[in-house]
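The structure appears right after this line, and notes come after that.
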Amino acid sequence: MVSAVFHSPLDAAPVAAQNAMTNVASSALPSSARGQKHSKPATAGTGTATPAAPARDWAALSRSFWMAVLPPLCGLGLLVGLWAVVSTTTGGSIPSPRDTWLQALEVFSNPFYRNGPNDQGVGWNVLMSLQRVAIGFGMAALVGIPAGFVIGRFNFLSRMFNPLISLLRPVSPLAWLPIGLLVFKGANPAAIWTIFICSIWPMIINTAVGVQRVPQDYMNVARVLNLSEWKIATKILFPAVLPYMLTGVRLAVGTAWLVIVAAEMLTGGVGIGFWVWDEWNNLNVKNIIIAIFVIGIVGLVLEYALIKLATAFTFEEVKA
């Protein structure tokens, strides 16, 4: 066997013949023997790891799925259970979850009906409230974000407006509604005014804080390069302040959605707040509970959409 390894080029033909004999001999072996002989390296290399890796991946995926789904389901089940207990202990004055669900099926079977100015489906009421929120919130963003940049940029203006903001921000939204009715002489513009004045403060405060927290090194570089104020605002301040600004936008839209319900209860007309108050006057508690869930779901959707927007426009180090 040793002489077969160390051969000269002249011995190529005998070696080839020997290799052929070896192949013939191996092919004559039983298949089980050949499988044992050739499967050992594969088993030692990858045979044991290949089936186990997908199993571990599947177990991790299943665990993450249940951890994402099971806690919310448990929370929802707890809410429904407490609701059923309260409905039972109050003698049915609070509708049970089953009765409310059947009423919801009826309400959402035709959410966009119109039987008059004061009798419209829940869909029209939600759309009208969203329209008022969009107008008031948009006006607040157009005023509040630039004001926050200016207040945060200049120390004199910051000292000038901070006391005013601290004084006006805690005022209840409903306290602003009579001022709107007095000035605008109408329920719809008064509701929009209330949304505007209550949602402007989070955007001003968060934007100003973001401007004040921009590293001083950035401003020193801008001063050395002799950049204009417009260049400083667009090239330095805006990218750095964007996460703070989007946080203020999220807080403001939540405030706006809270305010519109209370404002529409007092001003009347079409809107989800007016729908709640009208159903109370009709002693229809089922529809009031349905409206509560509708208000919560719409607010949750708005919050989720703004979180996605903030994630898309936020730097990686801020996301983490």
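The single residue among 84, 68, 42, 52 that is modelled with pLDDT under 80, closer than 30 Å to residue 98 by Cβ and either among the polar types (S, T, N, Q) or not assigned by TED's automatic domain parsing to the domain that holds residue 289 (or both) turns out to be 68. So which residues in the range 263-318 are of a type in the set (Phe, Trp, Tyr) and exposed (fewer than 15 other Cβ atoms within 10 Å of the Cβ), if there are any at all? Once the filter is applied, which keeps residues that are of a type in the set (Phe, Trp, Tyr) and exposed (fewer than 15 other Cβ atoms within 10 Å of the Cβ), the range 263-318 yields 280, 293, 304, 313, 315. Restricting attention to the range 190-219, the residues being free of Cβ contacts under 8 Å to residues at least 60 places away in the same chain, part of a helix (DSSP H, G or I) and either charged (D, E, K, R) or farther than 12 Å from residue 248 by Cα (or both) number 6.
Please name all residue pairs, on different chains or six or more residues apart, with Cβ atoms under 7 Å, provided the first residue is in the range 73-94 and is within 24 Å of residue 283 (Cβ to Cβ) and the second residue is assigned to a helix (DSSP H, G or I) and among the hydroxyl-bearing types (Ser, Thr, Tyr). Between residues of the range 73-94 that are within 24 Å of residue 283 (Cβ to Cβ) and residues that are assigned to a helix (DSSP H, G or I) and among the hydroxyl-bearing types (Ser, Thr, Tyr), the close pairs are 94/87. Among the residues of the range 64-108, those that are within 16 Å of residue 291 (Cβ to Cβ) and not in a helix (DSSP H, G or I) comprise 94, 95, 108.
State whether the residues of the range 207-223 include one that is closer than 30 Å to residue 129 by Cα, crowded, with 18+ Cβ neighbours inside 10 Å and out of contact with any strand residue (DSSP E or B) (no Cβ under 6 Å at 6 or more places or on another chain). Yes, that holds for at least one residue.
State yes or no: is residue 234 out of contact with any strand residue (DSSP E or B) (no Cβ under 7 Å at 6 or more places or on another chain), in a helix (DSSP H, G or I), hydroxyl-bearing (Ser, Thr, Tyr) and at pLDDT 85 or above? Here the answer is no, as residue 234 does not meet what is asked. Across the range 169-188, the number of residues qualifying as surrounded by 14 or more Cβ atoms within 10 Å (Cβ to Cβ) and within 16 Å of residue 257 (Cα to Cα) comes to 5. Restricting the range 79-92 to residues that are out of contact with any Ser or Thr (no Cβ under 8 Å at 6 or more places or on another chain) and at negative phi leaves a set whose member that is surrounded by the most Cβ atoms within 10 Å (Cβ to Cβ) is 80. What about residue 143, is it in contact (Cβ under 8 Å) with a residue 12 or more places away in the chain and over 28 Å from residue 243 (Cα atoms)? Answer is no for this residue. Condition test on residue 270, is it touching a residue at least 24 places away in the same chain (Cβ under 8 Å) and not in a helix (DSSP H, G or I)? Against the criterion (touching a residue at least 24 places away in the same chain (Cβ under 8 Å) and not in a helix (DSSP H, G or I)), residue 270 qualifies.
Among the candidates 108, 112, the residue that is surrounded by 13 or more Cβ atoms within 10 Å (Cβ to Cβ) and among the aromatic types (Phe, Trp, Tyr) is uniquely 108. Filter the range 226-254 for residues that are small (Gly, Ala, Ser) and under 21 Å from the mean Cα position of the chain (by Cα); which is nearest to residue 129 (Cα to Cα)? Once the filter is applied, the top-ranked residue is 254.
The values are calculated or read from the model by the stated rules, or taken from the named source; none is laboratory data. Worth saying up front: this structure is predicted, and the values here are computed from it rather than measured. Using ideal geometry, Cβ is built from the backbone for each residue, glycine included, and neighbour counts are taken over all protein chains shown.
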